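> Next up is a structure, given as structure tokens.
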Amino acid sequence: MRTDTGQVFRLEDYRPTAYLIPETDLTFRLDGDRTQVTARLTVERRAETGREVPLVLDGDGLALDDLLIDGEPLPAEAYDATPDRLIIRRLPRTGRFELTIVTDVEPAANKALMGLYVSNGVYCTQCEAEGFRRITYYLDRPDVLSTYRVRIEARKEEAPLLLSNGNPVEAGDLKDGWHYAVWHDPHPKPSYLFALVAGDLGGIHDEFVTASGRRVKLGIYVEHGKEPLAAYAMDALKRSMRWDEERFGREYDLDVFNIVAVSDFNMGAMENKGLNVFNDKYVLADPETATDTDYANIEAIIAHEYFHNWTGNRITCRDWFQLCLKEGLTVYRDHEFSADQRSRAVKRIAEVRTLKAHQFPEDQGPLAHPVRPRRYREINNFYTATVYEKGSEVVRMIHTILGPDHFRAGMDLYFARHDGQAVTIEDFLKCFEEASGKDLSQFALWYHQAGTPHVGVSARYDAKAKEFTLEIEQSVPPTPSESRKRLMHIPLAFGLVGPNGQDMEYESAEGAAIENGVIHLRKRRHIVQFKGVSARPVISLNRGFSAPVTLSLEARAEDQFFLARHDSDLFSRWQALNTLFTQALVDASTQIRRGGKPDFDKALLNYPAEIAADGNLEAAYRALALALPAEADIAREIGSNIDPDAIGAARDMLRAAIGKEAEPTFANVYDQMRNDGAFSPDAESAGRRALRNVLLEYLSAGSAEPALATQQFRTARSMTERAAALNVLAHQFVGSEDAHEALASFEKRYNDNPLVLDKWFVVQATIPGRETVDLVRKLMLHPAFSITNPNRVRSLIGGFASSNQTGFHRADGEGYRFLAETILKVEENNPQVAARLAIAFRSWRSLEKSRQEQARAALSDMARRPNLSRDLRDILERTIA
Ligand code: B3K
Ligand code: ZN
């Protein structure tokens, strides 16, 4: 484990390397206990580098076996080798030489899942961000690009399949039952994109012909017997390849493209050149075992990793501070892909919900950082919602500001100018400035300044003068180490909705630049005056969530209902209803805390039936509109002195009240949404299932009877239906016979399928209430649970800590103590996953006093431990600070 040295990396310290490695030749002789790695590197001294400058290579826990320059062993005094560094002081006179490094690694003992490790008998690698240095000494940073030739030797029986990046060159048998394969990747790449896979796997194969006629062999490799479950992923891959050609003019560039699914993986997937490695959760699907959400995630992640081939691999990051250059942009691209494949409005709402659930709390808490950070101690802790999700929103705003044509021209220029380079956010922005002639210097603050901007708005209408006036003020709250903020360029899409529900025309507007339905805020305060407005409009602001800001608008409830019913922008209709729900829940939880009983507005209780039955709206949209804000959303709105119990109670009451009020309509629509035909994962069918499942929640809450959920559970024909019913039974009918039976039958049915048992773990980890922490402790002893498998840990422990507000935030602090002790256990094997779990503490300061004290105690107790990993110490210290 890499313990913390306190070292901080700073953006301004960036310097190019003194040496380059134009060619990398690797030979692996694979063995679980002792794999020998021979690296033959062509090293080049830069013209400006003096001969006396030593060559300093990164390592992480390495043991050096042998070291040669141009075939000659190096004398001991010519170099220093420690596990973390190789410094070579005596170098040849020539500017170019061959350096041979032999190291030994132990893949079977590697439980951190970085570098070369074994998962379920399969050798695989994970190198981003700094895993390559666990394989051999190297200039392990993204601005050192090299062409790779890789020879893999293995026992044929253990590993009939041998894969690496690029194209296959050669393969054959060796003596004693060994064999080998050689791969060559002609595209220069940084070490973090290196990959190797070797094992005994089954595969499915297909072909893709690119726009210019290149034939590409596609392969997806999975555990034997699971091949049929990879069909959907293959289909998603082919659709992604076509879409990138059509939408961005990007073609694939190798003869083969391979994907391998492994069961122990620290994140979702990895975009290694020509050889993507995936968490099997994001490859395997069939109706019996995968929900519609699983299908949608598979589609999105397959696309995301594929799109990295251009945004990340062909053009990569100069340094890790530029991570958003590839991640924010690639998330934007996968969002657009899914929007085109499915429903744009539904996709946008889902994106915004994710952004608010994950990025907003990050931006508003102790771990806030800019989309392009300036400092880090452990880069793995910066694969965050801010870098990914807010990074994508920033690209979306560029699209909004420039319009589609200039945006595409900017992207084309970026691809043409920087292909084969490692670049910065400045390089990226410059392409859009040049392509559009627009000045993006104020806009660039979105990359540099942390915190969610707030926009406050008030509106008035002067009927006599036919004038409508908006007063808009922006502010950015202080964040850690940035107390003073500069003013942002915020593009707010808007409409003036007239009495007939249509957008109104106006004669002129002044007070801010307005272009194509977007108000551009650039100053602290704008007074925007619309002239020639014939009737009082209702303002619809931040349509499509054009800017990732919080908005407060002095609006009457009836205006919100009006927008919820009539806004031409479907996203804004959802937003309006969501605001009404959130406000009602905030008020109700305050009442409950004061010992009162909430009284919900009749209009709010009546409206859901209207939505549910509105056949003009897609089923998936209706499902999202009806979904109540999550407890964490309500907590965020309250902001401070949070009591999760009161929030949970308020939400339960509103759900039951709506369920009762709307019962006849909901029951009707529930029946209409039934599908007796064959299962299809398409968006329309998934939408019907989603709507049906939301209604099941309401109907069960309204009747307080488990019968309907039990019936759905028993007759379910897909995992989407079954898992939703199980959830209702376990969460709404805690401890009941029905819940008990459903949980037991689910466990039995999927006993041998760990990915499905993960769902069973999550359902139980998220049962509301104070008892759940004991249940989670018990489930850690279940034979299917494993503390070294990230999927199991994320489901059971992560599910509890991040999605169970009343369980985790149990008033006596037991949830916090449990998480702290478990984090330390996970850390013994896997610091990255441990650090991820610790993020659940990030909003601790917004809790009421006594919970704050309990959380602080648990955090401080962890932080006091000696020898913490760099990953965990970094998160803890920033969280407590
Ligand atoms: N680039 C990888 C993430 C690597 C995470 C390293 N801690 C997957 C992705 O974003 O596509
Ligand atoms: Zn990515």
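> Only residues that are open to solvent by 10 Å² or more (accessible area, probe 1.4 Å), within 20 Å of residue 102 (Cβ to Cβ) and away from ligand 1 (no atom under 16 Å from the Cβ): list them for region 127-154, please.
139, 149, 151, 153
> Could you list, in sequence order, all residues of region 302-324 that are part of a helix (DSSP H, G or I), within 12 Å of ligand 1 (Cβ to nearest atom) and farther than 20 Å from residue 283 by Cβ?
320, 323, 324
> Same structure again: Output yes when any residue across region 176-197 is crowded, with 18+ Cβ neighbours inside 10 Å, in the same structural domain as residue 132 (by TED's automatic domain parsing), in contact with a Pro (Cβ under 8 Å, 6 or more places away or on another chain) and over 26 Å from residue 107 (Cβ atoms), and no when none is.
yes
> Just give me the residues in region 262-280 being more than 14 Å from ligand 1 (Cβ to nearest atom) and open to solvent by 10 Å² or more (accessible area, probe 1.4 Å), in sequence order.
Within region 262-280, 263, 264, 280 qualify.
> So which residues in region 634-647 are part of a helix (DSSP H, G or I), small (Gly, Ala, Ser) and open to solvent by 10 Å² or more (accessible area, probe 1.4 Å), if there are any at all?
635
> Now for a different question. Scan region 317-327 and give yes if some residue there is outside the structural domain of residue 582 (by TED's automatic domain parsing), buried (at least 22 other Cβ atoms within 10 Å of the Cβ) and away from ligand 2 (no atom under 15 Å from the Cβ), otherwise no.
Yes; the residues of region 317-327 include at least one that is outside the structural domain of residue 582 (by TED's automatic domain parsing), buried (at least 22 other Cβ atoms within 10 Å of the Cβ) and away from ligand 2 (no atom under 15 Å from the Cβ).
> Do you know which residues across region 466-491 are assigned to a loop (DSSP other than H, G, I, E, B) and touching a residue at least 40 places away in the same chain (Cβ under 8 Å)?
Within region 466-491, 466, 477, 480, 486, 487, 488, 489 qualify.
> When you go through 773, 793, 763 one by one, which is the residue that is closer than 26 Å to residue 108 by Cα and either β-branched (Val, Ile, Thr) or surrounded by fewer than 19 Cβ atoms within 10 Å (Cβ to Cβ) (or both)?
Residue meeting the stated conditions: 793.
> Can you pull out every residue in region 693-708 that is crowded, with 17+ Cβ neighbours inside 10 Å and in contact (Cβ under 8 Å) with a residue 40 or more places away in the chain?
Of everything in region 693-708, those that are crowded, with 17+ Cβ neighbours inside 10 Å and in contact (Cβ under 8 Å) with a residue 40 or more places away in the chain turn out to be 693, 694, 695, 697, 698, 699, 700, 701, 702.
> I'm checking my understanding of the structure. Among residues of region 269-316 that are within 11 Å of ligand 2 (Cβ to nearest atom) and among the aromatic types (Phe, Trp, Tyr), which one is farthest from residue 250 (Cα to Cα)?
Ranking the candidates gives 306 first.
> Then there's this: Among (1) in contact with a Ser or Thr (Cβ under 6 Å, 6 or more places away or on another chain); (2) closer than 22 Å to residue 88 by Cβ, which single condition is residue 143 missing?
(1)
> Of 663, 631, which residue is of a type in the set (D, E, K, R) and surrounded by fewer than 21 Cβ atoms within 10 Å (Cβ to Cβ)?
Every option except 663 fails the conditions.
> From (1) assigned to a strand (DSSP E or B); (2) away from ligand 1 (no atom under 16 Å from the Cβ), pick out the condition that doesn't hold for residue 124.
Only one criterion in (1) assigned to a strand (DSSP E or B); (2) away from ligand 1 (no atom under 16 Å from the Cβ) is unmet by residue 124, namely (2).
> May I pose another question? Does residue 49 satisfy the condition of being more than 25 Å from residue 184 (Cα to Cα) and open to solvent by less than 30 Å² (accessible area, probe 1.4 Å)?
In short, yes.
So that you can scan it fast, the table gives a plain yes or no per residue for (1) within 23 Å of residue 336 (Cα to Cα); (2) among the basic types (Lys, Arg); (3) surrounded by fewer than 21 Cβ atoms within 10 Å (Cβ to Cβ):
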{"residue": "213", "(1), (2), (3)": "no, no, yes"}
{"residue": "218", "(1), (2), (3)": "no, no, yes"}
{"residue": "221", "(1), (2), (3)": "no, no, no"}
{"residue": "242", "(1), (2), (3)": "yes, yes, yes"}
{"residue": "245", "(1), (2), (3)": "yes, no, yes"}
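> Right, next: Failed condition for residue 158, given (1) in a strand (DSSP E or B); (2) among the acidic types (Asp, Glu); (3) in contact (Cβ under 8 Å) with a residue 24 or more places away in the chain, with all others met?
(1)
> Oh, and also: May I ask you to verify whether residue 678 is assigned by TED's automatic domain parsing to the domain that holds residue 611 and either farther than 23 Å from residue 288 by Cβ or open to solvent by less than 20 Å² (accessible area, probe 1.4 Å) (or both)?
Criteria not met by residue 678.
> Another question, then. Looking at the structure I just gave you, is residue 747 closer than 15 Å to residue 722 by Cβ and free of Cβ contacts under 8 Å to residues at least 24 places away in the same chain?
Yes: the conditions hold for residue 747.
> Sticking with this structure for a sec: Within region 77-109, count every residue that is within 18 Å of residue 2 (Cβ to Cβ), open to solvent by 20 Å² or more (accessible area, probe 1.4 Å) and touching a strand residue (DSSP E or B) at 6+ places or on another chain (Cβ under 8 Å).
Result for region 77-109: 5.
> Moving to a separate point now. Can you tell me which residues in region 299-316 are in contact with a Phe, Trp or Tyr (Cβ under 6 Å, 6 or more places away or on another chain) and surrounded by fewer than 24 Cβ atoms within 10 Å (Cβ to Cβ)?
The one that is in contact with a Phe, Trp or Tyr (Cβ under 6 Å, 6 or more places away or on another chain) and surrounded by fewer than 24 Cβ atoms within 10 Å (Cβ to Cβ): 301.
> Could you count how many residues in region 615-627 are open to solvent by less than 40 Å² (accessible area, probe 1.4 Å) and part of a loop (DSSP other than H, G, I, E, B)?
Residues flagged as open to solvent by less than 40 Å² (accessible area, probe 1.4 Å) and part of a loop (DSSP other than H, G, I, E, B) within region 615-627 amount to 2.
> Regarding region 325-339, can at least one residue be identified that is more than 16 Å from ligand 1 (Cβ to nearest atom), of a type in the set (Ser, Thr, Tyr) and either closer than 29 Å to residue 239 by Cα or touching a strand residue (DSSP E or B) at 6+ places or on another chain (Cβ under 9 Å) (or both)?
No, because not a single residue in region 325-339 is more than 16 Å from ligand 1 (Cβ to nearest atom), of a type in the set (Ser, Thr, Tyr) and either closer than 29 Å to residue 239 by Cα or touching a strand residue (DSSP E or B) at 6+ places or on another chain (Cβ under 9 Å) (or both).
> Mind counting the residues in region 506-527 that are at negative phi and more than 37 Å from the chain's Cα centre (by Cα)?
The total comes to 6.
> Moving on. Would you check which residues across region 376-388 are over 14 Å from residue 450 (Cβ atoms) and within 12 Å of ligand 1 (Cβ to nearest atom) and list them?
Once the filter is applied, which keeps residues that are over 14 Å from residue 450 (Cβ atoms) and within 12 Å of ligand 1 (Cβ to nearest atom), region 376-388 yields 378, 379, 380, 381, 383, 388.
> Determine whether region 248-269 contains at least one residue that is among the polar types (S, T, N, Q), in contact (Cβ under 8 Å) with a residue 24 or more places away in the chain and out of contact with any Gly (no Cβ under 6 Å at 6 or more places or on another chain).
Yes, some residue in region 248-269 is among the polar types (S, T, N, Q), in contact (Cβ under 8 Å) with a residue 24 or more places away in the chain and out of contact with any Gly (no Cβ under 6 Å at 6 or more places or on another chain).
> Among the residues of region 373-392, write down those that are of a type in the set (D, E, K, R) and under 15 Å from residue 11 (Cα atoms).
Matches in region 373-392: 374, 375, 377, 378.
The values are calculated or read from the model by the stated rules, or taken from the named source; none is laboratory data. Everything numeric in this text was worked out from a predicted model, so none of it was measured. As a convention, Cβ positions derive from the backbone with ideal geometry for all residues, glycine included, and neighbour counts pool all protein chains shown. Please note that ligands, DNA and RNA were not included when accessible areas were found on the heavy atoms of the full protein model with its side chains. Shrake-Rupley method; radii C 1.70, N 1.55, O 1.52, S 1.80 Å.
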